[in-house]
Structure formats: C-alpha cells, structure tokens
Amino acid sequence: MAPKPPPVESRYVVCAHCENRLEISASAMSVNCRHCNQRLIVEDMKIKAYHAVVRLATAGRVEVVKNAQLVAEVRVSELVVNGTVQGNVRTTHRVVVGKKGRIVGDVSSPLLSVAPGGEITGSVRIGAAAALQPRGS
Ligand SMILES: [Zn+2]
C-alpha cells in the first residue's frame, strides 16, 4: 500500500473578486474561486516599480516599496504602503502606511495604521463594518 500523504493544511481566504469565503490548501499560490470561477491569487506580492492595472486582487499581502507606485483598484488581505498607491483600497485585514507612504484614493479596512508622515488623500472607513466581509461560505 502506498504511504498515506501527509494531511493537507488548509486556510480560509476571502475571494477578492466576489468576496465569498474559500477554503484553500495552505501552500496554494492561486485557486479558482468556486463561487465566481475567477482565478484568485493568494500569494503575497511586492510592487517594486511603477505598476498600473485596472484591479489588483489577491487574498495575500501586497507591499508597495519605497519609490514604487501602484495605480489600481486594490482588493487584498493586507496592504503595506511605503511608496504611492493611487486608487481605492479595500482590505480584509489591514492597511499599513509607512512614513513615506501615500494613498490617493478611498480606503476601507478593518485596521489602519499610518506612520507620522504617511498620507491618505481620500475618504477613510475603518473598523469591522468597513471590512471586505465574507458573505458566508
Ligand atoms: Zn470569487
């Protein structure tokens, strides 16, 4: 008999497209959402230069490094801004704006931390009610 494979660890993410909750394997980099059938990236990303897309959606963490610029509608689990983000931002977890960080757009997030010197130009909604909430499983 073949040895039993080790148990697959799973975790829950919120689909950045349809906002439904998904169970995925802990090591998955991307999945097809079983609710909306769109490809959902779940790995972490680092934006290191100028990056412009209509929508940046991942169930992972996105970091915009110093001097980099992200132009997109952003839907992520966690956003760390040390450069510039231009576009509306929604997260399921939190937004961290560093002292050189700048967001030009509206921010909705359960948690927000802005270092002295960090800037947000737009409306800000913080707290559980602002979260990208799972709509059940
Ligand atoms: Zn979906």
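At-a-glance table
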read-out	value
Long-range HN-HN contacts of Ile103 with modeled amide H, under 5 Å	Val85, Glu119, Ile120, Thr121
Cubic angstrom per residue, convex hull over Cα atoms of the chain	120
Other-chain or far-sequence residues with amide H under 5 Å of Leu56's (modelled H)	Glu73, Val74, Arg75
Table column - 3J(HN,Hα) (Hz), segment 30-42, Karplus curve with 6.51, -1.76, 1.60, x for Gly and Pro	7, 9, 9, 5, 7, 8, 10, 6, 9, 6, 10, 7, 10
Potential extension, Cys18-Glu43 segment - 0.36 nm per residue separation minus Cα distance	7.2 nm
Nearby lysines by direct alpha-carbon distance to Lys99 (threshold 28 angstrom, same-chain neighbours under 8 apart not counted)	Lys46, Lys48, Lys66
Amide H contacts under 5 Å for Val97, placed H, 5+ residues apart	Val81, Ser113, Val114, Ala115
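Read-outs throughout are calculated quantities, based only on the coordinates presented, and are distinct from any laboratory measurement. Owing to the predicted nature of the structure, the values given are computational and were not obtained by experimental measurement.
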